Amino acid sequence: MKVLVFGSTGGSGRAAVEYLLAQGHTVTAFTRRAEPAAPGVEAVRSVVGDVMSPADVERAVHGQDAVIVTLGIRENPFRVRLLGPARTRMDVRSAGTRNVIAAMRKHGVRKLVVQTSSGVGDTRDRLGLVVRLFFQLVLKPQIADTELQNADVAGSGLDWILVQPVHLTDAAEDAMPFTSLAGDVAALKVSRKAVGRFLAHAVHAPELVGKSVTVSGQSRASA
């Protein structure tokens, strides 16, 4: 398949690119600026553009078979809460994803895999007290935007899959994570590499279309 990845320079997006390549897909990475290819991913085609620009997004989406979206704000969350993001718009998740959805509809691309977050949409009521407080006190604007993104994807009419990881880490663990369609979790953390592996898997998982999948790290009991 020809797969386009938005957010390809982030941890889970970069990992998704690597796994897609290993599976034999043709991968296009959408980036805000030209960057040198990481070792082993020189075969990736790069498209430089702004996800907030409908024209840039349309140019990248045209001719693809599937799209993965891992948009987010890669800055300290406490600073973002106090001062706002320095390099990325606060509504990058929802506004950027809306541009992607519009471009996919225009060019007839059906398969959409979007990383949001556990604790939004259908899993909103599954949050523990500590996570609920963290969302409310630190991540409130970002979670509000993720809620909009989640709703836009679910109402897109495309062949969508929502991937909702728990707290992301930079751990080296890259095994397939624990997944649940009921919002269950095996551990409260999951590595970006493991999420990237699942994102690449979801591209060719027709049984997951139209579903929200909670993704968490493997517990010792389930590993």
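Summary of computed values
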item	result
In sequence order, calculated HN-Hα J values of the range 178-188 (Karplus, 6.51, -1.76, 1.60; Hz; x Gly/Pro)	6, 10, 8, 8, 10, x, 6, 10, 9, 8, 8
Theoretical gain in end-to-end length, ASP174 to ARG79 [0.36 nm per residue, Cα-Cα removed]	31.3 nm
Rel. contact order, % - alpha carbon contacts under 8 angstrom, at least six apart, the chain	21
Global form of the chain, assessed from the alpha-carbon gyration tensor, a/c cut-off 1.5	rounded
Three principal axis lengths of the range 7-132 [C-alpha, angstrom, descending]	43, 32, 29
Local electrostatic count, LYS193, Cβ distance below 14 Å [Lys/Arg +1, Asp/Glu -1]	0
Nearest-20 debye value, the chain charge dipole, Cβ charges on Lys, Arg, Asp, Glu	320
Cβ-based charge dipole, the chain, positive-most Cα from LEU162, ALA172, VAL138	VAL138
Helix-only [θ]222 nm of the chain, DSSP H runs n ≥ 4, -39500 (n - 2.57) each, per residue, nearest 500	-10500 deg cm²/dmol
Estimated dipole of the range 28-131 in Debye, rounded to 20 [Cβ of Lys and Arg +1, of Asp and Glu -1, Cα centre]	200
For ARG14, ARG33, ARG79, order by how many other beta-carbon atoms lie within 10 Å, fewest first	ARG33, ARG79, ARG14
Normalised convex hull volume, the range 89-158, alpha-carbon set, Å³ per residue	72
Residue-span extension gain [ARG126 to ALA86] - 0.36 nm each, minus C-alpha spacing	11.3 nm
Label-point separation, LYS106 to ASP159 (7 Å along Cα→Cβ), nm	2.2
Fraction of beta bridges assigned by DSSP in the chain that are antiparallel (%, nearest 5)	10
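The numbers here are math on the coordinates, done by the rules we state, and not lab data. Remember, predicted model here, so these are calculated numbers, not experimental data. Cβ sites come from the backbone with ideal geometry, for glycine too, and all protein chains shown count toward neighbours.
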